[in-house]
Every structure is written in C-alpha cells, then in structure tokens.
Amino acid sequence: MRSNIVKLIVLAIIGIICILLYGFYDIKGGFDYAFPRRMMRVGAMVVTGFAIAYSTVVFQTITHNRILTPSIMGIDSMYEVVQTLIFFFAGSSSIWVVNQYLNFTTALAAMILFALLLYRTIFRADKYPIYLLLLMGMIIGTFLGSSVSFLQVLIDPVEYLSLQNLLFASFTRIKVELLFIASIILLISFILGYKLLHQLDVASLGRENAINLGVNYDRLVMQVLVLSSVLIATSTALVGPITFFGLIVANLSYHFFATYRHSVLILGAGLFSVIALVGGQFLVEHVFEFNTTLSVIINFVGGIYFIYLLLKESRAAG
Amino acid sequence: MIEIKGLTKKYGNKPVVSDVSLTIRPHAITSFIGPNGAGKSTLLSMVSRLIDADTGEVLLDNKNVKSWKSSELAKRVSILKQSNFLNVRLTVRELVSFGRYPYSKGRLTPEDEQYVEKAIEYMNLKEIEDKYLDQLSGGQRQRAFIAMVIAQDTDYILLDEPLNNLDMKHSVQIMKILRQLVDELGKTVVIVLHDINFASVYSDYIVALKNGKVVKNGPTDEIINSEALREIYDMNIPVQEQNGCRICVYFNSHT
C-alpha cells in the first residue's frame, strides 16, 4: 500500500514535469499569447485523460475483461453519426458546425441518449448477461459505422475533409468555454463515481461474491455504465474519439500497481493518461512539428508496450 | 429461520426446481443431495438471492429475502459458489478482509481486523496469508474463500459443492471445520454435496432432490438406507455401518 503511494507520487511528478516542459519549452516572444493557449490544451488533456482512465477501468471491472474499452458500446460511432449527418444535411458552413456550443451539445446529447436508450429499452441488466449488451452495442456500433461511411462517400470531397478534421482527436481546436462546461460535467461524474469505488472493489470478485457481500450488483452495473457513457461522451464531444488509449493506460496501471483498489488503479491510470497525452502532444508539436498525430504516437508506443507484455507473460507461463 | 415456500425456477420451458417447500433447521448442517441436474445448486442460489425465483418465496425471519436490504442480508446469510476464478490478484488476507465489507464498507476497523485474524487462524491460513491466491493449490484457495465467509460472520452459511476438486485430506478438513462452526459457534450450514458419504457422516439433516422436486427430507439416519437411496438415485446402494458411521458402498452396485 505504501509503495503504491510512492509510485503515485512519482507518476504525479513525471506528469507535472511533462506539463511544465510542454508549457514553457521554446516559448519565444509572445509568452502572453502562447502560454494560456498551451495551458488550456493541458487542461483538456488532464480532463479527458482522467475521464477515459476512469471509464475504462470501471468498464473492465464490470465486464471482467481487461482487453475491452467502453468504445465497444458504440458511443464513439454515435459521435461519427452525428457529425456526418450534420455535414450531410447542413454542410460545413452551417450554424451546427460553426457554432461550437451547438455542435458540442448536439453531439453530447445524442451520445448520452443513445447509451441510455441502449441500456433502458433494449437491455435490462437484471434480465440478461452483460455480454448480450456488449454484443448489441457492437452490432449497432458497426451498423452505424457502415451507414455513416456510405453517407461520407456521397459528401462533397472538400466538405469531407473538414468533416474528417472533427473525426480525429485533437487538442488544438478547443474553446475555453467548452472546456469549462466539460470540466463541470466530468467533476460531477467523478464525485458521483467516487462513492462507487469501494463497491467496485468488491465487484472485481465477480457477481456472485459481490452479491454475497451485500453489493446490489445489477444496480451497480447500471450506474457504472451510465457514468462511463457520460464520461466518454463528454470527452469525445470535447476532443473527438480518443477512447483507444484507455486500454493502454488501464493495463499499465494494473501492471504497475498490482492492487484491487479502484481508487489507486483509477488515479494511476489517470496519471498515465496525462503523461501519455501531454508527453505525446509535446512530441507532436516540437519533435515532429505537426507531421504526425497524437493517436499515431500513442498507438505506436502502446503497441510496443503490449508486445513486450505478451512476450513477458508467455515467458512466465512457459 | 429460513423457510422456503413453493419455489419454482424454469429455464425456457424446462422446470429445474419445481414447487419446493422446506424449512432449514437452525444450528445444524443440512445437506442437499441428489443426482446431477436435480436442481440442488439452483435451489441454493435462489435461497441466497443470487438468482430470482419464477414463483415462490424465501423467508428469513418471516421476511422475504428480496425485501431485505442487500447489505443487511449480507450480515445474516453468506453463500459460496463452486467456481472461484478471480480476475484480480489478491493475497489471502485481502480476500478474507473482503468478508468484512458488509460491516465496514471497505474501511476496516480494529474490530474487523480481529474477525479477519480469527478467520485466518480458524482455517489454518496464517503461514500463507500474504501469498497471492494464484500461487495456491486448489485446496488452499478453497480454504481462503471459506475463511472469507467465516469473517463475514453470518448465522447462515450456504456452500455449493465446497469439496469439488479437493483431495480426501482437504475434504475431511473442510467438513470438520463446518462441523465446528455449527457445534462451537452455533452457525447454520446448508451445503450441496456430491459425495453421499460425506453427507452421511457429517450432516444432521439431508434434503434429497430429484428432477427439481424434494423426494426425501429428514434426519440423516432416515435417509441413509438402501430403500430411500434407491428412490433418490435409482440404484441399489448397500449401506454398511463402520465405527458408528453409515457408509454407502455403491462402487460395484448393480442397478
């Protein structure tokens, strides 16, 4: 336990170093111009990093599976659907795109509505096993994805380029007011989610043991699904689809902390997210000079880590 | 007192448990026996609210278990199922500490620590308390899970085939501990058993199920005899008396 606190502090220090480096590196001339902008991006990265860390870890606990991410529920696909429909019917110069609030709230509302509909009407946690829900989410997500790519083919190529911009995760186009709204939503979710952490510790023993110990398991699953959908939806509406790296930071955290405590696991995964995002963004801006994207770097490093993990585990097993 | 009234559970159209009514006698070991697919585990799962019954009800102190608050019920009734595969890495002590969750909600008090300590000693786990569960043998792991249930300190302990995959020595060890729990601490144990001889030697009462129905229910002496066993298992099972224990010798039986 104590060693885990030390590890958390070390991670936090590395995170702060990354943030300082990103904030102050090569800041010639217009400090007053560049610094607040950089800090705003950092703010967005911290907020989304923790949102994704939280939702991935708790999602993996209730599905008892460490290679799933909440994106399997099709929430990201819903984001793509909303943006594509907007471009298809209204166009890139319409108020739905130009007004970022409108765009943000529309996408957010559509994603949350989609998730709630999926949980409330199609799926009842107490009636069916959770894998049925995952399967449904996957099928609907794939269906939405395919229909959307059909629409994308029909869109004017120039329009399509600006649509594509929205469909890649990016921290460079965030508006400060949106960040503010998103932070409030996420803060409320974290406060609500904090009370569930001990129950989630018990839930990692499996459904039967959790019920034995007095956890209302089916209700917990519902709460966690709704909460992580809100988190995913908010971070996606803010910066675009970026759930992919939840898998990496969650597994890093399991590996690094070797504990069942969700408070530690989530905090650890959140710090890993911040390091990955801020460090990665630093590389993108200053080393690669915007010749590559953050997702490419994170997937590259994360992929190497996974191969390392596989090799190590298979050697341990053999 | 636990009363079971008209419990029925169907999977599709097939009834697994149909219209079972019985009373669990307090401060005793009651064994559920019967052939494969008789509905023993399903019945136990319904009693412990792990699965919902289609019809019928389970009463604990005259109150339906479904209207009990889940966290309060966890202080009265505990259940241990047969498969205990875990996704997380836990030490024995961490697992046993989970048994105090209904009381402490995750923050152990010194009193909780005492219960954990006692449960660990009771199950002879002191030397391996800091080992991870995946480093242990099947028997040790099973003992760790039982220690968790002991730390939970409930009046009723329900166990679904706790002897599965255990060798003779560990099986005897666990049955003796269950006996102690009843005799020394006044617990009530309900256990699903496959091995009829363990049921015969250690239990006070036996409930025999067949095709989802109770076919025999009574003190152990009344059930462990060739006529009753033939009715339950459709098999000729000679019973021999050995050192005061009734042993069923069915290994070379002709049906």
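The values are calculated or read from the model by the stated rules, or taken from the named source; none is laboratory data. Values in this document were obtained by computation on a predicted structure and should not be read as measured data. In this analysis, Cβ positions are derived from the backbone assuming ideal geometry, glycine residues included, and neighbour counts consider all displayed protein chains.
Data overview
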{"item": "Extreme residue, surrounded by the most Cβ atoms within 10 Å (Cβ to Cβ), among residues of segment A:211-225 that are in contact with a helix residue (DSSP H, G or I) (Cβ under 7 Å, 6 or more places away or on another chain) and more than 9 Å from chain B (Cβ to nearest Cβ)", "result": "A:Leu225"}
{"item": "Among the candidates B:Leu178, B:Leu209, B:Leu159, residue that is under 19 Å from B:Thr42 (Cα atoms) and under 13 Å from the mean Cα position of the chain (by Cα)", "result": "B:Leu159"}
{"item": "Matching residues in segment B:84-101 - criterion: being among the aliphatic types (A, V, I, L, M), in a helix (DSSP H, G or I) and within 9 Å of chain A (Cβ to nearest Cβ)", "result": "B:Leu95"}
{"item": "Members of segment A:199-224 found to be touching a residue at least 24 places away in the same chain (Cβ under 8 Å), in a helix (DSSP H, G or I) and touching a Phe, Trp or Tyr at 6+ places or on another chain (Cβ under 6 Å), listed by number", "result": "A:Asp201"}
{"item": "Of all residues making up segment B:17-52, the number that are of a type in the set (D, E, K, R), surrounded by 24 or more Cβ atoms within 10 Å (Cβ to Cβ) and in a loop (DSSP other than H, G, I, E, B)", "result": "0"}
{"item": "Which listed residue is in a helix (DSSP H, G or I), touching a residue at least 24 places away in the same chain (Cβ under 8 Å) and in contact with a Gly (Cβ under 7 Å, 6 or more places away or on another chain), from A:Gly15, A:Gly49, A:Gly43", "result": "A:Gly49"}
{"item": "Check on B:Ile206, in contact with a helix residue (DSSP H, G or I) (Cβ under 8 Å, 6 or more places away or on another chain), more than 27 Å from A:Glu208 (Cβ to Cβ), surrounded by 19 or more Cβ atoms within 10 Å (Cβ to Cβ) and in contact (Cβ under 8 Å) with a residue 12 or more places away in the chain", "result": "no"}
{"item": "Some residue of segment A:144-163 being of a type in the set (D, E, K, R), on the phi < 0 side of the Ramachandran plot and surrounded by fewer than 16 Cβ atoms within 10 Å (Cβ to Cβ)", "result": "yes"}
{"item": "Residue within segment A:237-250 that is within 14 Å of another protein chain (Cβ to nearest Cβ), free of Cβ contacts under 8 Å to residues at least 60 places away in the same chain, farther than 18 Å from A:Pro129 by Cβ and not polar (S, T, N, Q) present", "result": "no"}
{"item": "Odd one out for A:Leu192, checked against (1) free of Cβ contacts under 8 Å to residues at least 40 places away in the same chain; (2) surrounded by fewer than 20 Cβ atoms within 10 Å (Cβ to Cβ); (3) within 14 Å of chain B (Cβ to nearest Cβ)", "result": "(3)"}
{"item": "A:Arg120 of a type in the set (Lys, Arg) and over 17 Å from the mean Cα position of the chain (by Cα)", "result": "yes"}
{"item": "Top-ranked residue in segment B:53-83 [being away from every other protein chain (no Cβ under 14 Å) and in a loop (DSSP other than H, G, I, E, B); ranked as nearest to B:Val182 (Cα to Cα)]", "result": "B:Asp61"}
{"item": "Candidate set: segment B:212-236, residues that are of a type in the set (A, V, I, L, M, F, W, C) and crowded, with 20+ Cβ neighbours inside 10 Å; chosen: the one nearest to the chain's Cα centre (by Cα)", "result": "B:Val214"}
{"item": "Segment A:240-254, subset of a type outside the set (Gly, Ala, Ser) and within 10 Å of the chain's Cα centre (by Cα), residue surrounded by the fewest Cβ atoms within 10 Å (Cβ to Cβ)", "result": "A:Phe244"}
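Residue-by-condition table, conditions (1) modelled with pLDDT of 90 or more; (2) crowded, with 18+ Cβ neighbours inside 10 Å:
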| residue | (1), (2) |
| --- | --- |
| B:Ser70 | no, yes |
| B:Asn84 | no, yes |
| B:Ser97 | yes, yes |
| B:Arg100 | yes, yes |
| B:Thr109 | no, no |
